[in-house]
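I'd like to ask you about the structure that follows.
The values are calculated or read from the model by the stated rules, or taken from the named source; none is laboratory data. Predicted model, so just to flag it, every value in this text is computed and none were measured. Positions of Cβ are generated from backbone atoms using ideal geometry, with glycine treated the same way; all protein chains shown enter the neighbour counts.
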């Protein structure tokens with residue numbers, strides 16, 4: 001090959017890199033494992049230091065949740081055709097495009113919205129994207145978010161929105177008894193510069209927001225949009241963003257058939273209604289269905305509204321886009337196809353019941369309190385002030401009993417005292433919940 | 001050229017004409033039964049309506065399709081067969097994407113429960129395995145870039161560029177110059193995100209055009225830099241495959257006015273271990289782990305970018321940063337000058353695991369071979385393609401070897417035949433090759449195509465690719481109708497692209513497709 005190219009040494013092909021910019025030594029990297037067996041054994045040895053959420057009983061949530069991943073989902077997303085495709089092309093990868101179109105459609109069915117595109121890299125990215133879209137749609141620059149918001153979401157939003165259409169992010173207080181949004185505070189803060197009211201439902205701290213209709217009405221009466229950030233696995237049983245009149249829905253769909261992967265299962269979504277002014281503000285790719293050939297066949301292709309995308313418009317784009325989490329979108333599509341409306345109802349019902357059962361058991365532990373009265377979907381705050389122990393100490397003691405306690409809230413929400421956020425899923429059996437309650441009895445003494 | 005290459009494949013793709021899920025749906029079918037609740041729970045908590053107030057329960061079940069499990073498996077398996085992943089196709093045409101083989105052992109490690117079933121907020125002492133992987137891969141990235149600290153949080157290159165723009169903001173703010181330094185300079189051959197992300201962070205963007213040799217105009221840069229310059233964001237080598245031999249002079253020009261220098265290393269593959277961003281004076285760079293470092297792309301993610309910076313900028317990186325020490329590996333959140341975060345948690349950790357395993361299988365010598373094989377393949381392909389009538393090389397087919405890829409032009413062929421690069425692009429799939437990439441926008445090269453034959457392709461596969469291009473060009477001159485009406489044996493017929501210019505035809509969900517079909521049916525056909 002070198003002879004055909006016309007050089008004697010491969011080094012000659014690097015002659016455009018001046019000597020002064022060359023690395024003149026080999027890279028300093030460990031000796032490689034050349035045999036597959038040796039490599040596998042070595043890496044497994046490192047991974048063995050991880051304790052999984054099957055090894056220990058886990059009540060961790062806070063934006064990443066352990067749910068059952070159906071075998072079918074793993075089979076489909078492991079297929080080499082999907083796994084190793086770079087980016088779908090209309091004439092060679094129409095199957096992947098169709099799968100992504102099915103994802104867009106299924107998500108809109110679940111959310112009761114009309115328009116969705118490719119996924120975003122995670123729920124935080126989706127939330128930041130949604131509020132920037134709201135600011136562009138309304139021409140306004142303030143975003144109102146709940147004071148109970150996921151602190152990582154707020155952190156990402158502040159990073160993402162600096163020097164953007166969103167000039168201010170202000171917080172709305174919450175009712176300390178119910179955990180729900182303080183509507184009087186919201187009314188006071190809504191004004192003619194409010195682009196959107198951003199609501200997490202269920203809230204990061206667990207309560208299902210039962211005032212969505214009133215919040216939507218308040219936002220709309222001041223010309224603001226309502227962005228609903230939802231957990232999609234709740235939507236078989238909980239009212240959908242479309243039902244209560246949200247303008248934009250967003251969130252993370254890791255709960256729909258994607259493994260936690262130490263947070264790598266995250267995948268964001270944004271959906272709106274079918275309004276041209278809204279669709280034009282999506283910064284991400286969308287798959288479009290259209291006619292193919294002379295007959296009745298359909299085909300799928302990319303670039304609905306190509307000029308809004310950064311691939312085309314560069315610095316004139318609405319925002320940036322790029323590689324996201326498309327394989328997990330296919331996982332979501334497979335999951336929702338398997339579940340259907342009945343499956344989504346049943347899993348939602350199971351989670352709600354197990355969560356309330358866990359709450360009842362934990363409420364019997366002396367010194368332990370459940371500060372919020374509002375019903376939960378899958379998460380709830382547990383307060384340990386009455387035990388004289390910190391949330392960190394409780395978690396340490398639970399860890400010794402091979403239990404991952406809830407996410408410690410004491411740093412992010414000091415007003416909640418020594419509290420933790422517990423997450424229950426369909427994977428918890430009654431015995432698991434009793435084991436938690438019994439362990440809490442033990443460690444709080 | 002080997003004998004094999006002269007003979008093109010008699011290829012036909014799978015074509016299932018697969019209905020939409022909604023069209024397959026039938027009431028009462030289901031694919032999975034989720035776990036229920038034990039009787040003792042039911043007895044204790046009662047009906048869901050007593051637990052959750054009526055107003056917040058869903059009134060109408062979601063309009064999801066109802067399907068049996070075998071239907072779901074067949075549907076998605078068929079769709080996968082209508083997708084040409086790297087495992088089945090030849091992706092040489094997908095330039096700028098660095099398509100390469102992803103070893104299956106890395107995938108099997110990434111699918112192990114010790115990776116998939118760990119929670120990002122679990123106690124660090126119980127996640128030492130993945131933290132070790134993150135920390136040691138960080139060391140590899142430092143060595144390859146010459147930088148000092150790394151964040152794996154960005155989910156892809158674009159997000160790393162966004163983070164780099166935020167770092168530029170944080171740095172200039174710390175030096176009291178955030179308001180005055182409001183411009184970022186990029187080059188037209190840098191990836192579009194190098195313009196879009198600074199703009200998304202509120203910067204004014206200036207773009208340098210290439211000189212006649214294909215390099216960004218250095219004199220234009222010297223004229224453009226000022227006390228308003230926050231940074232330059234540029235790629236090297238650019239998509240032309242040309243390494244810019246004066247790259248350090250660009251860096252010096254920007255540093256001279258107090259600006260920062262970031263290089264988008266999307267095109268690293270040919271120079272791994274040969275030249276490092278730090279050694280050319282850059283302050284920051286990023287690598288796409290899903291391109292150069294072999295993690296599969298999954299049709300468009302999840303990916304991961306390593307944002308690498310010098311010590312001076314480490315304080316601004318997104319949180320958490322993985323640290324190592326005698327007490328084990330930790331996640332450091334206590335970084336007061338951080339930009340915050342661009343993505344949830346530490347990023348796509350399973351991608352980093354695959355990369356760790358890949359590098360541990362190759363070592364320094366293996367990575368040298370990766371770079372060199374990619375460059376040899378590219379120059380070999382260039383020789384083959386340049387013998388095809390109608391094909392030319394952008395910015396001169398001269399003494400300069402190209403590195404990882406080349407942007408070619410079919411302008412001559414287009415002038416001679418009236419057929420465009422996009423016409424030929426539609427036809428290439430008929431020969432069993434993945435559609436080729438034309439160019440990022442705007443197209444500075446007329447009728448472009450950009451192959452990138454990475455180290456993963458054999459001599460025969462490179463030759464096959466060139467032979468198919470030769471056949472396409474021959475068809476363009478001799479039987480142009482074959483190209484004009486392509487594709488002929490692909491997964492789908494020619495697609496109606498009228499929606500691209502008619503926004504009312506945009507349709508991204510089946511809900512709307514049903515409405516459009518009904519509306520169309522009500523319009524009497526034109527006589």
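Kindly state which strands (runs of 3 or more DSSP E) lie completely within the range A:150-237 and contain at least 3 residues that are surrounded by fewer than 20 Cβ atoms within 10 Å (Cβ to Cβ).
Numbers: elements: A:168-172, A:194-201, A:225-230.
In the range A:150-237, A:168-172 are the strands (runs of 3 or more DSSP E) which contain 3 or more residues that are surrounded by fewer than 20 Cβ atoms within 10 Å (Cβ to Cβ).
Here is a check on your reading of the model: is residue B:159 within 8 Å of chain A (Cβ to nearest Cβ), within 23 Å of residue B:332 (Cβ to Cβ) and within 18 Å of the chain's Cα centre (by Cα)?
Working: within 8 Å of chain A (Cβ to nearest Cβ): yes; within 23 Å of residue B:332 (Cβ to Cβ): yes; within 18 Å of the chain's Cα centre (by Cα): yes.
Considered against the rule, which asks whether it is within 8 Å of chain A (Cβ to nearest Cβ), within 23 Å of residue B:332 (Cβ to Cβ) and within 18 Å of the chain's Cα centre (by Cα), residue B:159 comes out as yes.
Looking only at the range A:91-110, count how many residues are more than 7 Å from chain B (Cβ to nearest Cβ) and either farther than 22 Å from residue B:490 by Cβ or surrounded by fewer than 24 Cβ atoms within 10 Å (Cβ to Cβ) (or both).
Count: 2.
With the requirement that a residue be more than 7 Å from chain A (Cβ to nearest Cβ) and exposed (fewer than 15 other Cβ atoms within 10 Å of the Cβ), what does the range B:43-82 give you?
Residues satisfying the conditions are B:43, B:46, B:47, B:49, B:50, B:54, B:60, B:70.
Let me ask something additional. Would you check if residue B:178 is at pLDDT below 95, surrounded by fewer than 24 Cβ atoms within 10 Å (Cβ to Cβ) and touching a strand residue (DSSP E or B) at 6+ places or on another chain (Cβ under 9 Å)? Show your work before the answer.
Working: at pLDDT below 95: yes; surrounded by fewer than 24 Cβ atoms within 10 Å (Cβ to Cβ): yes; touching a strand residue (DSSP E or B) at 6+ places or on another chain (Cβ under 9 Å): yes.
Yes: the conditions hold for residue B:178.
Here is a follow-up. Could you say whether any residue in the range B:356-367 is outside any loop (DSSP other than H, G, I, E, B) and more than 10 Å from every other protein chain (Cβ to nearest Cβ)? Spell out the reasoning first.
Initially, the range B:356-367 is screened for residues outside any loop (DSSP other than H, G, I, E, B), giving B:356-367.
Checking the rest, the ones that are also more than 10 Å from every other protein chain (Cβ to nearest Cβ) come to none.
Checked against the condition, which is being outside any loop (DSSP other than H, G, I, E, B) and more than 10 Å from every other protein chain (Cβ to nearest Cβ), the range B:356-367 yields no hits at all.
I've got another one for you. Could you say whether any residue in the range B:294-308 is assigned to a loop (DSSP other than H, G, I, E, B), out of contact with any strand residue (DSSP E or B) (no Cβ under 9 Å at 6 or more places or on another chain) and over 30 Å from residue A:253 (Cα atoms)?
No, the range B:294-308 contains no residue that is assigned to a loop (DSSP other than H, G, I, E, B), out of contact with any strand residue (DSSP E or B) (no Cβ under 9 Å at 6 or more places or on another chain) and over 30 Å from residue A:253 (Cα atoms).
Exactly one condition in (1) closer than 25 Å to residue B:366 by Cα; (2) assigned by TED's automatic domain parsing to the domain that holds residue B:280; (3) free of Cβ contacts under 8 Å to residues at least 12 places away in the same chain is not met by residue B:139; state its number.
Unmet for residue B:139, out of (1) closer than 25 Å to residue B:366 by Cα; (2) assigned by TED's automatic domain parsing to the domain that holds residue B:280; (3) free of Cβ contacts under 8 Å to residues at least 12 places away in the same chain: (2).
For the list (1) buried (at least 16 other Cβ atoms within 10 Å of the Cβ); (2) in a helix (DSSP H, G or I), I need the number of the one condition that residue A:386 fails.
If we test residue A:386 against (1) buried (at least 16 other Cβ atoms within 10 Å of the Cβ); (2) in a helix (DSSP H, G or I), just (1) comes out false.
Tell me, which strands (runs of 3 or more DSSP E) lie completely within the range A:238-349 with 2 or more residues that are facing another protein chain (nearest Cβ under 7 Å) and free of Cβ contacts under 8 Å to residues at least 40 places away in the same chain?
On the way: elements: A:248-252, A:268-272, A:287-291, A:298-302.
Output list reads A:287-291.
Okay, moving on. Working only within the range A:116-128, note down all residues that are touching a helix residue (DSSP H, G or I) at 6+ places or on another chain (Cβ under 8 Å), more than 7 Å from every other protein chain (Cβ to nearest Cβ) and either in a helix (DSSP H, G or I) or surrounded by fewer than 24 Cβ atoms within 10 Å (Cβ to Cβ) (or both).
A:127, A:128
What about residue B:424, is it in contact with a helix residue (DSSP H, G or I) (Cβ under 6 Å, 6 or more places away or on another chain) and outside any loop (DSSP other than H, G, I, E, B)?
Details: in contact with a helix residue (DSSP H, G or I) (Cβ under 6 Å, 6 or more places away or on another chain): yes; outside any loop (DSSP other than H, G, I, E, B): yes.
So residue B:424 passes the test.
Further, regarding this structure: Does residue B:347 fit the bill of being in contact with a strand residue (DSSP E or B) (Cβ under 9 Å, 6 or more places away or on another chain) and either surrounded by 20 or more Cβ atoms within 10 Å (Cβ to Cβ) or within 18 Å of residue B:98 (Cβ to Cβ) (or both)? Full working, then the answer.
Working: in contact with a strand residue (DSSP E or B) (Cβ under 9 Å, 6 or more places away or on another chain): yes; either surrounded by 20 or more Cβ atoms within 10 Å (Cβ to Cβ) or within 18 Å of residue B:98 (Cβ to Cβ) (or both): yes.
Spelling it out, residue B:347 is indeed in contact with a strand residue (DSSP E or B) (Cβ under 9 Å, 6 or more places away or on another chain) and either surrounded by 20 or more Cβ atoms within 10 Å (Cβ to Cβ) or within 18 Å of residue B:98 (Cβ to Cβ) (or both).
All but one of (1) in contact with a strand residue (DSSP E or B) (Cβ under 6 Å, 6 or more places away or on another chain); (2) surrounded by 23 or more Cβ atoms within 10 Å (Cβ to Cβ); (3) modelled with pLDDT of 95 or more hold for residue A:56; which doesn't?
Among (1) in contact with a strand residue (DSSP E or B) (Cβ under 6 Å, 6 or more places away or on another chain); (2) surrounded by 23 or more Cβ atoms within 10 Å (Cβ to Cβ); (3) modelled with pLDDT of 95 or more, the lone unmet condition for residue A:56 is (2).
To keep it simple, each residue is scored yes or no on (1) over 25 Å from residue B:512 (Cα atoms); (2) touching a strand residue (DSSP E or B) at 6+ places or on another chain (Cβ under 9 Å).
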| residue | (1), (2) |
| --- | --- |
| B:32 | yes, no |
| B:50 | yes, no |
| B:64 | no, no |
| B:71 | no, no |
| B:79 | no, no |
| B:91 | yes, yes |
| B:115 | yes, yes |
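Separate question: Residue B:327 is checked against (1) part of a loop (DSSP other than H, G, I, E, B); (2) at pLDDT 95 or above and fails just one. What number does that condition carry?
Looking at each condition in turn, residue B:327 falls short on (2).
From A:20, A:25, A:79, grab the single residue that is facing chain B (nearest Cβ under 7 Å) and over 23 Å from the mean Cα position of the chain (by Cα).
Values: A:20 fails: facing chain B (nearest Cβ under 7 Å); A:25 fails: facing chain B (nearest Cβ under 7 Å).
So the residue among A:20, A:25, A:79 that is facing chain B (nearest Cβ under 7 Å) and over 23 Å from the mean Cα position of the chain (by Cα) is A:79.
Considering only the range B:96-110, state which residues are assigned to a loop (DSSP other than H, G, I, E, B) and within 7 Å of chain A (Cβ to nearest Cβ).
Taking the range B:96-110 first, the residues assigned to a loop (DSSP other than H, G, I, E, B) are B:96-103.
Those that are assigned to a loop (DSSP other than H, G, I, E, B) and within 7 Å of chain A (Cβ to nearest Cβ): B:97, B:99, B:102.
Do we have residue B:331 as more than 10 Å from chain A (Cβ to nearest Cβ), surrounded by 24 or more Cβ atoms within 10 Å (Cβ to Cβ) and in contact (Cβ under 8 Å) with a residue 60 or more places away in the chain here?
Numbers: more than 10 Å from chain A (Cβ to nearest Cβ): yes; surrounded by 24 or more Cβ atoms within 10 Å (Cβ to Cβ): no; in contact (Cβ under 8 Å) with a residue 60 or more places away in the chain: yes.
Judged against the criteria, residue B:331 is not a match.
Return only the number of the condition from (1) touching a residue at least 40 places away in the same chain (Cβ under 8 Å); (2) touching a helix residue (DSSP H, G or I) at 6+ places or on another chain (Cβ under 9 Å); (3) at the interface with chain B (Cβ under 7 Å from one of its Cβ atoms); (4) over 29 Å from residue B:97 (Cβ atoms) that residue A:58 does not satisfy.
The single condition residue A:58 does not satisfy is (2).
In this structure, is residue A:53 in contact with a helix residue (DSSP H, G or I) (Cβ under 7 Å, 6 or more places away or on another chain), at negative phi and facing chain B (nearest Cβ under 7 Å)?
Working: in contact with a helix residue (DSSP H, G or I) (Cβ under 7 Å, 6 or more places away or on another chain): no; at negative phi: yes; facing chain B (nearest Cβ under 7 Å): yes.
The answer is no for residue A:53.
Still on this structure, please answer the following. Checking the conditions here, which among B:461, B:443 is in contact (Cβ under 8 Å) with a residue 12 or more places away in the chain and closer than 29 Å to residue A:5 by Cβ?
Numbers: B:443 fails: in contact (Cβ under 8 Å) with a residue 12 or more places away in the chain.
Only one candidate passes the filter, namely B:461.
Among the numbered conditions (1) within 11 Å of another protein chain (Cβ to nearest Cβ); (2) under 22 Å from the mean Cα position of the chain (by Cα); (3) buried (at least 24 other Cβ atoms within 10 Å of the Cβ); (4) in a helix (DSSP H, G or I), tell me where residue A:113 comes up short.
Here residue A:113 meets the rest and fails (4).
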